[in-house]
Amino acid sequence: MIDVLYLLAPYSKGSKRWLILNLITAIIGNAMIMINPLLIGRLINELKPNDIDFNLVITYLIIIASLYLLGSVILWFSQAFSHNFATSVTKNLKNKAFHVIVNSKISYLDKTKTGDIMTRFSQDIDLIFDSLSHFFMSIFQGGTTVIFSVVLMFYLNHWLTLVVTAVVPIIFIYSRAMKNKRSERFLVLQRLTGNLTAASKESFSEKKLIQSYNYEQNAKDDFDKINEELTKLATRAYFSASMDNPTFRVFNNVAYAMLGLVALLLTLNGHIITPAVLTSMIMYAAMFSKPFNEYSVLTVSFLAGRAGVKRVLEIIEQDIEKEVIPFNFNDRATKGNISFKNVSFGYNKNQTLIKDFNLEVKQGEKVAIVGPTGAGKSTMINLLMRYYEIDQGSIILDGKDLRDYNRKTLRLSFGLVLQEPWLFGGTIKANLKYGRKDISDDKMIEAAKKANCHNFISNLKNGYDTILDDSTNLSTGQRQLLTIARALIIDPPILILDEATSNIDSLMEQQIQTTFKKAMQGKTSFTIAHRLKTIVDSDIIIVMDKGDIVEQGKHNELMSKENGFYRELYLSQFDKEEKES
């Protein structure tokens, strides 16, 4: 655990006072309890077979009981302080990990399963809490118990003390020999747990799709495969860790037997061990061995906590988007003129998706990005929002290179409406003011009217103060209108619509298209479209296929190409719609 404590040291800010209190109370509480075997030995010495002083016995027993009671209460506080320390450290860990996730590069989230990240935030941090709280209870209370018992045993008889303490090197060697293999097993175990959580989340979120394709058995087989692997590894890991306790007890029981044997040999050789001394020594030997036994029981907790620390720190060590320039809302773009100059980009070095791309977009123009599913349509948006950095060339926004903008300022130059209308659990007002908490209610209502959602919001019982949750009866289209209003509230010069009408019916699509046209007046817009009939009036259409830009131009220009990719795509979609109608 020492290596774990070193790793967690930066997250113990404001927590060290709990450790100090834990140590102080552990020393005081154990001192009160540890003196009792000595008092019991003294009481045995005072007892005479034919002349028992009951008043003396009662006095001793009252003192011993009082010390046990008071010491136990103080040790209870010591445990509470240990829990407080663990709570504070894990709180700091959660805050730091969440900060990293919120500010991490999109590339990290793109390649990491959401379920695995959730497992690290919940289960792994809970394991760290258990490990920390138990460790400091064990190390402070157990450590002071061991020190006090050794000192008092030496006071009673140093030969017997050597017999009792002889097990320590054996326990240490055994623990070191088993450490590395166990740690690796628990790390793999928790990674598999993250994979299992990710698979479960995927199955739960796509339940309709699974049932519609009768994929239930396949999903169960996939889950069972991961679960079986997890079970086998867990069996080996926990069995190995659980061997510590019985092994330590064997060592200690051998020490007890040797204690009696050595006491007998010493007595036979003239070094008389009185019943009082032997009684106290046996009690101190039991106290001495107790922390080792308790530590061995907690081996599983410590190993799981060590693995949890490594997994949580994997999140924290991710690169985050850092800005030197302070964030200033007024430094964002105001017009929406964009120039792509010799831009090249690839998600990895071995595959370039965009090669030497040039494009001029003037204020108020409408740009559409189209192509088959998986063609790479979102790549352009990723570059504009600086979710990913270009490899070569430059993108100029209002005469300034994107890389010269503060990322936060840059992103407020764009109003983003995604395919899935994401709204958090809270009031409609809080959702609409998501990007501008300081905006007035009048401007919020003005944006809602532009987005054609003011009327249905007003008809709700609590209006803009309506809480959005599972019981709120809003259609997907209405939720999408709310996200449009949210984008308009920041009044960006550029709007990005990422297949924003792909999940709604035709009637609502027409309403949203009307809303878009009204919202995009005077603003530059980028539309990622699945239904090509919605973008025929665009000023520029960028056609992508397999990650490459294959064509660009106006609708009529692209349709005039006899074997053009866009023409084939449009006609195939048009024929499909004709057949469906």
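The values are calculated or read from the model by the stated rules, or taken from the named source; none is laboratory data. Since we're looking at a predicted model, the values are computed, not measured. In this analysis, Cβ positions are derived from the backbone assuming ideal geometry, glycine residues included, and neighbour counts consider all displayed protein chains.
Of the residues contained in the stretch 150-157, none is found to be hydroxyl-bearing (S, T, Y), at pLDDT 80 or above and within 39 Å of the chain's Cα centre (by Cα). Can you tell me which residue within the stretch 513-526, out of those that are surrounded by fewer than 23 Cβ atoms within 10 Å (Cβ to Cβ), closer than 13 Å to K335 by Cα and not small (G, A, S), is farthest from the chain's Cα centre (by Cα)? Step by step, filter the stretch 513-526, then rank; the result is Q521. Filtered by the rule that a residue be surrounded by 15 or more Cβ atoms within 10 Å (Cβ to Cβ) and touching a strand residue (DSSP E or B) at 6+ places or on another chain (Cβ under 9 Å), the stretch 394-414 gives I395, I396, L397, D398, L402, Y405, L410, S413, F414. Note on the stretch 527-581: among residues that are of a type in the set (K, R) and at pLDDT 85 or above, the one that is farthest from the chain's Cα centre (by Cα) is K561. Check whether at least one residue in the stretch 74-83 is modelled with pLDDT of 85 or more, out of contact with any Leu (no Cβ under 8 Å at 6 or more places or on another chain) and β-branched (V, I, T), and report yes or no. Scanning the stretch 74-83, I find at least one residue that is modelled with pLDDT of 85 or more, out of contact with any Leu (no Cβ under 8 Å at 6 or more places or on another chain) and β-branched (V, I, T), so the answer is yes. Is at least one residue of the stretch 492-503 of a type outside the set (A, V, I, L, M) and modelled with pLDDT of 85 or more? Checked the stretch 492-503: at least one residue is of a type outside the set (A, V, I, L, M) and modelled with pLDDT of 85 or more. Taken residue by residue, the stretch 118-130 has no member that is farther than 23 Å from A9 by Cα and either outside any helix (DSSP H, G or I) or among the charged types (D, E, K, R) (or both).
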